[in-house]
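First comes the structure, then the notes that go with it.
Read-outs: derived from the displayed coordinates by stated rules, not from any lab. Please read all numbers here as calculations on a predicted model, not as lab measurements. Here Cβ is always computed from backbone atoms with ideal geometry, including for glycine, and neighbour counts include all displayed protein chains.
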């Protein structure tokens, strides 16, 4: 199942990258409300196993005329409330386990993650702006074929 969804998802990425119209919206900070709504609708596709949330939103944005770089930037903006909500829920759920040591660990983890995320997000947005999602499409196809091959040789 995983190999199949990897291959099919990779093929869809490669096809949709070719079908995407030329970008009309270039600034991820100033997208119209209707465009933001439709990118959010594409995000819902991530409930399907094997569909990447960021891939669905970036590719969905491309399909409605958003520049790749702008779509990638907006995708990270879209992730912030989701990650914040998941963090608050996890802390609430595990509140009985929290103490001062855990609080210090969480604070250090937050700072380190924030610093690393700045570097990674900038690098990712630059990569997507330069190459698009095609390398990820080919990666998914290769990974799916690799899994099928490994299972067949087993």
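To the nearest ten degrees, helix 134-153 and the longest principal axis of the Cα atoms of the chain are 90 degrees apart. Helical content alone sets the calculated 222 nm signal of the chain at -26500 deg cm²/dmol, taking -39,500 (n - 2.57) per DSSP H segment of four or more residues and averaging over every residue.
Ranked for footprinting exposure by Cβ neighbours inside 10 Å, fewest first, 62, 17 give 17, 62. Size descriptors for the chain, from the alpha-carbon set: Rg then Dmax equal 18.2, 53 Å. The mean sequence separation of alpha-carbon pairs under 8 Å and at least six residues apart, normalised by the residue count of the chain, gives a relative contact order of 40 percent.
Taking Cα atoms only, the orientation of helix 33-43 departs from the longest principal axis of the chain by about 90 degrees. Here's the picture: a label point sits 7 Å out from the Cα of residue 37 along the beta-carbon direction, and within the stretch 62-98 the residues with their amide nitrogen under 16 Å of it are 64. Annotation for the stretch 1-67 versus the stretch 84-151: alpha-carbon center distance of 19 Å.
Between the Cα long axis of helix 68-93 and the first principal axis of the chain there is an angle of about 30°, rounded to the nearest 10. A Förster radius of 22 Å, combined with the Cβ-Cβ distance separating residue 45 from residue 138, puts the computed FRET efficiency at roughly 0.60.
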